[in-house]
Amino acid sequence: MGLDQGLLRAMIEMEKGEDEEKYKSKAQEGSDLMFPVTIGGLTHRPDINVKYHTTIRLFDRKDDDQSKAHDTARKLNLVPPNPNETAIEPTTLQGRDGNTMHVLRLHGPHSERIKSYQPHFKGQGQDIPNFHPHITVDKDTWNKVKASGAKTAKEAGIEFHPAELRHGDRVISTYPHKEEKSEQLDKGFKHVAAGLGIAAGLAGAPKTSEAPTPATTRAPASIPLSPYSHKKMLNTIEQIESASGKLQHHKPTKHGTAYGKYGLMPDTIKETVHMHPDLRSKYGKVATLQGQDLNNYMRDNPGLEDVIADRHLQRLEHHFGQDPSKLGYSWNQGIRGTYHAKPEKISSHPYTQKVKSFYSKVK
Amino acid sequence: MQINPSEIDSVEEAGILDGSPVKLVKLKGGFWIGIGRPKGKMREEALSAGSHPAIVKYNIEKQHPNFQPSMMKSEFFADNTIVDRHSHFLSDDLRKSGHEIYSVQAGPKIDFHITKYGQNVATIESKINDKTLEIKQSVYPKEFVRAISGATIEKSASCGASKIRLEK
């Protein structure tokens with residue numbers, strides 16, 4: 001059985017609350033099959049910039065075969081928990097030394113189903129005794145959820161996304177799921193909900209496709225949305241790259257000459273079109289074009305650069321969250337370059353400095 | 001644009017744009033004009049014009065996404081015609097002076113049209129034969145050699161031809 005001792009040790013340290021940065025770096029050494037989570041629109045913990053998630057199974061880099069894990073995962077229908085039907089319990093896990101980790105423990109049939117995936121991975125990854133699905137959160141978020149009195153993930157602004165097999169920040173594979181009727185899990189959820197004291201709100205709600213009514217008249221959880229704005233980030237890049245479209249003559253580089261108001265490099269254009277079937281079917285020609293021919297083609301298809309810039313930024317957000325500095329750096333230095341860069345290099349890079357400066361000013 | 005009735009050779013229904021009919025008018029000189037009334041306009045206007053009806057129709061479709069083409073009677077407008085634009089291979093100077101390159105495919109026959117403001121400059125005929133694009137020797141200005149090369153390669157790739165042969 002492949003136990004990732006480093007990761008396990010890191011988890012214990014996390015539970016102790018001793019060194020979250022160390023946990024972060026250790027966690028990035030292993031692989032994790034998870035449901036990515038957003039809380040109030042945020043994808044990453046603001047304190048240590050680790051992706052919010054619910055772990056399905058942890059794997060060890062050295063002892064586990066990623067392809068085997070992928071093979072098992074793709075055979076399962078990994079359905080993300082329905083936030084309406086997932087009860088949450090803000091609680092703390094006590095580390096061995098009595099230190100505290102802040103978690104939102106998940107209850108209900110969706111949580112049980114995550115547990116039920118475990119036997120399928122027998123012989124792969126970590127067998128954690130008394131494994132209980134949860135989302136580890138920063139203390140501020142935990143306090144807000146607790147103060148809001150949210151009983152379900154929905155009330156706390158939590159969304160679950162399709163399962164991913166990740167190695168650190170890198171997505172190895174994603175697992176689309178087959179849709180299912182929520183009624184299948186309805187009964188189980190009501191049972192758990194009753195146990196958590198929200199039965200009153202559900203009593204008159206036999207249709208589980210509707211959000212369960214809160215038990216009290218309290219206001220829904222008020223977790224503030226992230227100040228990050230995708231549009232604002234695009235405008236920032238446009239401002240830096242071309243003074244909002246005014247200066248579109250880019251200097252040639254060894255990777256080619258950038259195009260347009262966002263300074264899109266030829267490889268970025270080709271990769272982005274290639275990665276999206278809708279773009280590939282319509283603009284597949286770009287794969288064979290280069291230099292001035294590619295620029296002419298972009299010019300002949302007005303609006304295409306906006307679509308490509310939008311999709312490329314979405315891709316970067318998927319990798320690096322909603323941190324404008326990292327997004328700016330990765331726009332300039334590429335995804336691989338950003339993964340290899342040290343945080344201090346990212347923050348001190350002139351492009352990052354420009355992003356920081358412009359992001360707060362642009363609309 | 002003023003067109004006298006005496007200059008018109010034929011008129012054909014081409015489709016509907018924003019609830020109004022679009023007509024393709026063929027002039028006696030061989031020029032084609034697509035006429036319709038876009039949304040918000042009080043009068044009919046020329047939507048596109050050129051020396052080949054399929055290219056005129058293609059440009060109307062590109063410029064007016066709401067255009068709904070109808071089944072055409074004329075063989076020129078056969079709906080199985082595939083038009084593709086290859087003007088990105090032209091130099092900046094040629095693009096600025098109104099030149100375009102299109103390929104018009106009807107079955108195995110593919111013609112490459114070089115135009116200037118819609119007027120035909122040269123046509124290069126070719127056909128697909130057993131995964132080979134066979135190009136008939138044609139005369140056209142030498143400044144288009146590079147662009148025609150790009151266009152034929154691009155078209156070959158899009159229709160699955162693995163070879164290009166220049167017929168003697």
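The values are calculated or read from the model by the stated rules, or taken from the named source; none is laboratory data. The model shown is predicted, which means the values in this text are computed figures rather than measured ones. Glycine gets a Cβ as well: all are built from the backbone with ideal geometry, and neighbour counts include every protein chain shown.
Name the one entry in A:A150, A:A163 that is buried (at least 22 other Cβ atoms within 10 Å of the Cβ), over 20 Å from the mean Cα position of the chain (by Cα), at pLDDT 85 or above and of a type in the set (G, A, S). Only one candidate passes the filter, namely A:A150. Residues in the stretch B:27-37 that are part of a loop (DSSP other than H, G, I, E, B) and in contact with a Pro (Cβ under 7 Å, 6 or more places away or on another chain): there are none. The set of residues from the stretch A:274-298 being closer than 23 Å to A:G328 by Cβ and more than 9 Å from chain B (Cβ to nearest Cβ) comprises A:M275, A:H276. Taking the numbered list (1) surrounded by 16 or more Cβ atoms within 10 Å (Cβ to Cβ); (2) out of contact with any helix residue (DSSP H, G or I) (no Cβ under 9 Å at 6 or more places or on another chain); (3) within 14 Å of chain A (Cβ to nearest Cβ) in turn, B:E154 passes all entries but (2). Answer with yes or no whether A:G284 is touching a residue at least 24 places away in the same chain (Cβ under 8 Å) and small (G, A, S). Against the criterion (touching a residue at least 24 places away in the same chain (Cβ under 8 Å) and small (G, A, S)), A:G284 does not qualify. Against the numbered list (1) out of contact with any Asp or Glu (no Cβ under 7 Å at 6 or more places or on another chain); (2) within 14 Å of another protein chain (Cβ to nearest Cβ); (3) basic (K, R); (4) closer than 28 Å to A:S281 by Cα, B:K109 comes up short only at (2).
Here is a yes/no grid of residues against (1) under 24 Å from A:D300 (Cβ atoms); (2) outside the structural domain of B:S158 (by TED's automatic domain parsing):
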{"position": "B:I35", "(1), (2)": "no, yes"}
{"position": "B:K62", "(1), (2)": "yes, yes"}
{"position": "B:S87", "(1), (2)": "yes, no"}
{"position": "B:E100", "(1), (2)": "yes, no"}
{"position": "B:H113", "(1), (2)": "yes, no"}
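Looking at the stretch A:77-148, the strands (runs of 3 or more DSSP E) lying wholly inside it that each contain 2 or more residues that are hydrophobic (A, V, I, L, M, F, W, C) and within 28 Å of A:D64 (Cβ to Cβ) sit at A:100-107. In the set (1) within 14 Å of chain B (Cβ to nearest Cβ); (2) touching a strand residue (DSSP E or B) at 6+ places or on another chain (Cβ under 7 Å), the condition left unmet by A:H250 is number (1).
The set of residues in the stretch B:8-26 being within 14 Å of B:A46 (Cβ to Cβ) and either among the β-branched types (V, I, T) or not in a strand (DSSP E or B) (or both) consists of B:I8, B:V11, B:V22, B:V25. The residue list A:N130, A:N84, A:N77 contains one member that is out of contact with any Leu (no Cβ under 8 Å at 6 or more places or on another chain), within 19 Å of A:T174 (Cα to Cα) and assigned by TED's automatic domain parsing to the domain that holds A:G149, which is A:N77.
Is it true that A:P119 is farther than 20 Å from A:T152 by Cα, at pLDDT 65 or above, more than 16 Å from the chain's Cα centre (by Cα) and assigned by TED's automatic domain parsing to the domain that holds A:K178? Criteria met by A:P119. Of all the listed residues (B:G150, B:G107, B:G118, B:G160), the sole one being small (G, A, S) and either assigned by TED's automatic domain parsing to the domain that holds B:H52 or under 15 Å from the mean Cα position of the chain (by Cα) (or both) is B:G118. One residue stands out among those in the stretch A:77-108 that are in contact with a helix residue (DSSP H, G or I) (Cβ under 6 Å, 6 or more places away or on another chain) and modelled with pLDDT under 85: the one that is surrounded by the fewest Cβ atoms within 10 Å (Cβ to Cβ), which is A:D97. Among helices (runs of 4 or more DSSP H) entirely within the stretch A:250-363, having at least 2 residues that are surrounded by 20 or more Cβ atoms within 10 Å (Cβ to Cβ) singles out A:266-275, A:291-300, A:304-320, A:324-340, A:350-359.
Looking across B:K23, B:K41, B:K96, B:K73, one residue alone is surrounded by fewer than 20 Cβ atoms within 10 Å (Cβ to Cβ), modelled with pLDDT of 90 or more and more than 14 Å from chain A (Cβ to nearest Cβ). It is B:K23. Take B:S103 and tell me if it is closer than 20 Å to B:E61 by Cα, within 14 Å of another protein chain (Cβ to nearest Cβ), touching a residue at least 12 places away in the same chain (Cβ under 8 Å) and of a type in the set (G, A, S). Answer is yes for this residue.
Give B:R146, B:R165, B:R85 a once-over and let me know the one that is within 13 Å of chain A (Cβ to nearest Cβ) and farther than 23 Å from B:Y58 by Cα. Every option except B:R146 fails the conditions.
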